[in-house]
Amino acid sequence: MIEDIETQNIELQLLLQAIYLKYGYDFRNYAKASVKRRILHRLNKDSFANISAMQHKLLYDVNFFETLLLDLSINVTEMFRDPSFYLALRQKVIPVLKHFPFLKIWHAGCSTGEEVYSMAIVLKEEDLYERTQIYATDMNEVALKQAREGIFPINRLKQYTINYQKAGGKESFSDYYAAHYDHAVMDKSLKENILFSDHNLATDGVFGEMNLILCRNVLIYFNRELQNRAIRLFSESLCPTGFLCLGTKESIRLSEDSEHFEDVVKEERIYQKKH
Amino acid sequence: MFEAVVIGSSAGGIKALTYVLSALPHEFPLPIIIVQHLHPNSDSYLTKILGAKCGLLVKQADEKETIERGIVYLAPPNYHLLIEEDHTFSLSLEGPVNFARPSVDVLFESALFAYRGKLIGIILTGANHDGAQGVKQIKSAGGYIIVQDPATAEAEAMPRAAIVAASVDKILPLDQIGPYLLQLVNRSQSRRHPFE
Ligand SMILES: C[S@@+](CC[C@H](N)C(=O)[O-])C[C@H]1O[C@@H](n2cnc3c(N)ncnc32)[C@H](O)[C@@H]1O
């Protein structure tokens, strides 16, 4: 059994190398425990004898790779996740952004878009939407496609409404979507200034001159090295005094670029790039 | 011999954990890592309760934090807690496993990979089956499993499921788990350092 673990670790390393060489997606610097879990999950589900057998399939079957890609990119998200974060954003960040004539916001790792629509609602209510360009990116095309559509399962809307209210929402949440029997279609006007596109934090480069970057609940899946890369990328993509927001359990303080950022709201992981 | 203790508990677990942890001394030689099922929005009150009642330092596990002995780590509510091979923590928002996030199975499986078999797993009271799979895996890697006697559990499903899943090493009433754990760990430590 212990021997099996060692062998499995070798196989896992080879598999990630194979994915990178064949398809260009680089998972080699992800936190191993979670990647391993996802791979073993697929292994059991599809009854492969071992990871090597799975690697063989992966190299010759692009459809199987896409399944695995979905397994590996954990797309779980919600609207106004962590309402207290959005409240802090409204109170501490929005008032500063109001001084700018034109704004650029980047959501990195936006998944199926719930976070982006949440931001669009906040911007509308704060009269900032019309002068904002939002860039929403993810490495996962399937998630991006859903994000572009802006259609969400109706059974989640009750929770989102509660979140919206706790997040300092000013209107009636139901004004922002049209309910069809099992799904909710987000209002078209929320999408006008959002550009969804493919971007991989492990392999792609800088996005220019942002006033605000949100990258929430993505860095927890990276190892230290890749976290450093991503934060360097954010630092270089922000204009001076631009804001960076991470997930509730993520911190900039372990990264190499930590000293370039000040705390704005520490508990909510809202930081500001120094001049 | 052992490098870590992992504990899973659910309904009734706060009382049970308090019981077990308060039997351990300040200089307990291993890290203790716990998944207690909680409401997703309950912030850090469990840390406070347990911290007040036991001699060990109790804290919520941070992402990338290095695991140290003599500290009790709790999974943050609404995240899975995993252990890496370099004995640091990872968090994940992967969907619920056995309807639970954090899930005991997720912690136990990753602990087993990180510590190989050198692990003590404990299952306490709970009303679901989370942890049973993890217990089985830890057993097959040569780890040691203690389960709370279902008769003494506020909810017996979780300990019962663990007992069914594998032939566990010890089934004990709640009040004996802490003292037994201490004895077990001391014995194995002294075997490792015969001249200390
Ligand atoms: C748990 S979701 C977070 C969604 C949203 N930000 C939130 O907090 O609710 C993580 C997302 O990160 C994306 N992701 C993971 N690795 C990435 C990478 N290297 N580059 C870009 N996106 C990545 C995944 O595809 C997934 O959609």
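For A:HIS180 and A:ARG28, compute 0.36 nm times the residue count separating them, minus their Cα-Cα distance, and round to one decimal in nm.
Numbers: separation 152, 0.36 × 152 = 54.72 nm, distance 4.19 nm.
Between A:HIS180 and A:ARG28, full extension yields an extra 50.5 nm.
If you count, for every residue in A:78-85, the Cβ atoms of partner chains within 10 Å of its Cβ, what is the mean? It would help to have the intermediate numbers written out before the result.
Numbers: counts 1, 0, 0, 2, 2, 1, 1, 0.
The per-residue average across the peptide is 1.
For a quick check: with amide H placed at 1.01 Å from N, whose amide H comes under 5 Å from B:ILE7's, ignoring anything fewer than 5 positions away on the same chain?
Result for B:ILE7 returns B:ILE33, B:ILE34, B:VAL35, B:ILE122.
Would you please give the FRET efficiency between B:ILE49 and A:ILE154, computed as 1/(1 + (r/R0)^6) with r the Cβ-Cβ distance and R0 = 51 Å, to the nearest 0.05? It would help to have the intermediate numbers written out before the result.
Numbers: r = 38 Å, r/R0 = 0.75.
That pair, B:ILE49 with A:ILE154, gives E of 0.85.
Tell me which GluC sites (Glu not before Pro) from the range B:1-76 have a DSSP coil assignment and no more than 14 other beta carbons within 10 Å of their own.
Working: sites: B:GLU3, B:GLU27, B:GLU63, B:GLU65, B:GLU68; in loops: B:GLU3, B:GLU27, B:GLU63, B:GLU65, B:GLU68.
The qualifying sites are B:GLU27, B:GLU68.
If you count, for every residue in A:34-41, the Cβ atoms of partner chains within 10 Å of its Cβ, what is the mean?
Values: counts 10, 1, 6, 10, 2, 0, 2, 2.
Averaged over the peptide's residues, the number is 4.
Taking amide hydrogens as modeled 1.01 Å from N in the peptide plane, which residues meet the under 5 Å criterion relative to B:ASP169, leaving out close sequence neighbours?
Amide H neighbours of B:ASP169: B:ILE145.
Could you size up the charge dipole of the range A:83-273 around its Cα centre, putting +1 on the beta carbon of Lys and Arg and -1 on that of Asp and Glu, and report it in debye to the nearest 20? Can you show the working numbers first?
Details: 23 positive and 27 negative charges, 67 e Å.
Dipole size: approximately 320 debye.
Expressed as a whole number of Å, what is the distance separating the alpha-carbon centroids of the range A:169-248 and the range B:101-168?
Between the Cα centres of the range B:101-168 and the range A:169-248 lies a distance of 38 Å.
Along the range A:143-151, what does the Karplus equation 6.51 cos²θ - 1.76 cosθ + 1.60 (θ = phi - 60°) give for ³J(HN,Hα), rounded to whole Hz, x for Gly and Pro?
Rounded to whole hertz, the list is 5, 4, 4, 5, 4, 4, 5, x, 10.
With all distinct Cα pairs included, what does the Kirkwood hydrodynamic radius of chain B come out to in Å, to one decimal, could you say? Show your work: numbers first, answer last.
On the way: mean 1/r = 0.0618 Å⁻¹.
16.2 Å is the Kirkwood radius here.
Would you kindly state how much longer the chain becomes between A:GLU267 and A:GLN91 on full extension, computed as 0.36 nm times their sequence separation minus their alpha carbon distance, in nm to one decimal? All intermediate terms of the calculation are to be shown ahead of the outcome.
Details: separation 176, 0.36 × 176 = 63.36 nm, distance 1.41 nm.
Extra length from A:GLU267 to A:GLN91 when fully extended: 62.0 nm.
By its C-alpha gyration tensor, with a ≥ b ≥ c as the square roots of the eigenvalues, how is the range A:83-273 shaped: rounded for a/c under 1.5, else prolate for a/b larger than b/c, else oblate?
Working: a/c = 1.67, a/b = 1.40, b/c = 1.19.
It is prolate, given that a/c is not under 1.5 and a/b is the larger ratio.
Which whole-number percentage describes the relative contact order of the range B:1-146, with Cα contacts under 8 Å and a sequence gap of 6 or more?
Numbers: 338 pairs, mean separation 39.8, N = 146.
Reported as a whole number, the value is 27 percent.
Short version: ³J(HN,Hα) in whole Hz for each residue of the range B:160-166, in order, from phi by Karplus 6.51 cos²θ - 1.76 cosθ + 1.60 (θ = phi - 60°), x for Gly and Pro, what are they?
Going residue by residue, I get 4, 4, 5, 5, 6, 5, 8 Hz, with x marking Gly and Pro.
Testing the spin-label approximation: label points 7 Å from Cα along Cα→Cβ at B:LEU182 and A:GLU125. State their distance in nm.
About 5.3 nm, to one decimal.
Starting from 0.36 nm per residue, how many nanometres of slack lie between A:LYS98 and A:GLU259 once their C-alpha separation is accounted for?
Stretched out fully, the A:LYS98 to A:GLU259 stretch lengthens by 55.4 nm.
Taking amide H atoms as placed 1.01 Å from N in the peptide plane, list the residues 5 or more away in sequence, or in a different chain, whose amide H sits under 5 Å from that of A:LEU212.
A:LYS104, A:TRP106, A:PHE243
Roughly what % of Cα-Cα distances in the protein assembly as shown sit above 44 Å, to the whole percent? Present the calculation step by step, with values, prior to reporting the outcome.
On the way: 18733 of 110685 pairs.
Tail of the P(r) past 44 Å holds 17 percent of the pairs.
So what is the relative contact order of the range A:83-273, in percent, for Cα pairs below 8 Å that sit 6 or more residues apart? Mind dumping the intermediate values first?
Working: 314 pairs, mean separation 43.9, N = 191.
Answer for the range A:83-273 is 23 percent.
To the nearest 0.05, what FRET efficiency results for B:ASP149 and A:GLU3 with a Förster distance of 35 Å applied to their C-beta separation?
Numbers: r = 35 Å, r/R0 = 0.99.
Here the calculated transfer efficiency is 0.50.
Give the range of the longest stretch in chain A that excludes all GluC sites (Glu not before Pro) found in loop regions by DSSP and having at most 12 other beta-carbon atoms within 10 Å.
Numbers: sites that count: A:GLU171, A:GLU192, A:GLU209.
The longest such stretch corresponds to A:1-170.
Which pairs, out of A:LYS124/B:LYS48; A:LYS98/A:LYS188; A:LYS166/B:LYS59; B:LYS15/B:LYS64; A:LYS22/A:LYS45; A:LYS32/A:LYS145, put more than 31 Å between their alpha-carbon atoms? Numbers along the way, then the final one.
On the way: A:LYS124/B:LYS48 40 Å; A:LYS98/A:LYS188 24 Å; A:LYS166/B:LYS59 27 Å; B:LYS15/B:LYS64 29 Å; A:LYS22/A:LYS45 23 Å; A:LYS32/A:LYS145 28 Å.
Where the Cα-Cα span goes over 31 Å, the pairs concerned are A:LYS124/B:LYS48.
Roughly how crowded by other chains is peptide B:92-102, in terms of the mean Cβ count from those chains within 10 Å of each of its Cβ atoms?
Working: counts 10, 14, 9, 3, 1, 2, 0, 0, 0, 1, 0.
Mean shielding count: 4.
Quick one: net charge of A:ASP61's neighbours, Cβ under 15 Å, K/R +1, D/E -1?
On the way: positive: A:LYS22, A:ARG42, A:LYS57; negative: A:ASP46, A:GLU66, A:ASP71.
Combined, the nearby Lys, Arg, Asp and Glu give 0.
Since every read-out is calculated from the coordinates, none of them should be taken as a lab result. As the structure is a computational prediction, the values presented were derived from the model and not from experiment. Positions of Cβ are generated from backbone atoms using ideal geometry, with glycine treated the same way; all protein chains shown enter the neighbour counts.
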